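Read-outs: derived from the displayed coordinates by stated rules, not from any lab. Quick caveat, the model's predicted, so the values are computed rather than measured. Ideal geometry is used to build each Cβ from the backbone, glycine not excepted, and the neighbour counts take in all protein chains shown.
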Amino acid sequence: KGGWTCGRSITWAKTPVAGGSSSARTYALGDTGPGGGLVFLISGGLTYEMAPKTWSGAGTPDRVERWCGDGVGTDITGTFTAVGTGSANTTAMQPAACPSGAGVSARAYRGGGLTDWFLPSQDELNAMCNYSRTWTGTPPTGTCTGTQDGTFASGTYGFASVTYWSSTQIDPNRSCAQNPDSGAVFAGFKDNAAVRVRPVRAF
């Protein structure tokens, strides 16, 4: 992805199992996660769920936002592309740096009463795209090609035929974005107010 490398190490802590329980629940692709979202990726010991397309209001498809407030010129250093980096990327986009925008909206989502939702990194967004292709089986990896499965597209989690933001910055004026319907990846200008947002979380 343009020579970007992930230079951040993230340590995740698991919540202890409640007393009297022999093991924590194991989730599979397609399950409903603790936050009420759809499990679309299991990677690196973490399970990822995406919010429904109505997350921003009943009957309303994914909301549109600029990437970081007015966007252009706001340099959010230390964002990465890889799976596992979206949460830290989103933390860097919070109000101290971005008074509003995609990252702030994603973190503010409270699906399942949980507060750890975030804007996916580019590779996490690409995994969402891949899942939409074969939503009843194991999704492909690598570049997302083809189109959404018809049943998935018309369901609770289907993507609009437009571009969605990732939390991966390219430079002070642009960030990675992807159209999950076509799979195309773009360098989106941060002041573009027509790009959609879909929160995810990892557990």
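Descriptive notes on the structure:
- Full extension of the chain between residue 151 and residue 189 gives 10.5 nm of extra length, using 0.36 nm per residue less the Cα-Cα distance.
- Cβ-Cβ FRET estimate between residue 25 and residue 100, R0 fixed at 45 Å, reported to 0.05: 0.80
- Added length on full extension, which subtracts the Cα-Cα distance from 0.36 nm per residue, residue 75 to residue 58: 2.8 nm
- Listed residue (45, 167, 177) projecting farthest to the positive dipole end of the chain, Cβ model: 45
- A helix-only calculation puts the chain at -3500 deg cm²/dmol for mean residue ellipticity at 222 nm, using -39500 (n - 2.57) for each DSSP H run of at least four residues, averaged over all residues.
- For the stretch 38-202, the spread of Cα coordinates along the three principal axes comes to 41, 33, 32 Å, biggest extent given first.
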